[in-house]
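K.L.:
Questions regarding the structure given below will be posed in turn.
The values are calculated or read from the model by the stated rules, or taken from the named source; none is laboratory data. Keep in mind that this is a model prediction, so the values were computed, not measured. All Cβ positions, glycine included, derive from the backbone under ideal geometry; neighbour counts span all protein chains shown.
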Amino acid sequence: MALFHIGGIVNYRTMLKRWRPIVVGIFTAAAFFSPKGILTMLLVAIPIALTYMLGLAVLYVLTGGGRFFGGGGGSSDPGSEAAPTPE
């Protein structure tokens, strides 16, 4: 995840914003690929989803909440930046 962020493929903010569809996708894939039963599905999906969340937490620490390494941290509204003062 850190390499995706630093390499500019997917930044931290995008990964954080789209964590819910990722987790739903993990559970959907686990439902299709687990041999049988909901217990097996949960035994496959929960560790993978927790690993994704742990990766987001580690990336938060490494990037200072997305502020470092081109994370585009701070305000996501481009109009909220202070206007430059005329000289």
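K.L.:
Can you list residue pairs whose Cβ atoms sit under 6 Å apart, with the first residue in segment 42-55 being farther than 17 Å from LEU16 by Cβ and the second being assigned to a helix (DSSP H, G or I)? Count only pairs 6 or more apart in sequence or on different chains.
P.N.:
Going by the 6 Å Cβ cut-off, the qualifying pairs are VAL44/ALA30; ALA45/ILE26; ALA45/PHE27; ALA45/ALA30; ILE48/ILE26.
K.L.:
Now for a separate question. Output the number of the condition that HIS5 fails; it satisfies all remaining conditions of (1) at pLDDT 85 or above; (2) part of a helix (DSSP H, G or I).
P.N.:
The one condition HIS5 does not meet is (1).
K.L.:
What pairs come out if I take residues in segment 15-34 that are farther than 16 Å from MET53 by Cβ and among the β-branched types (Val, Ile, Thr) and pair them with residues that are part of a helix (DSSP H, G or I) and modelled with pLDDT of 90 or more whose C-beta lies under 9 Å away, six or more apart or interchain?
P.N.:
THR28/ALA45
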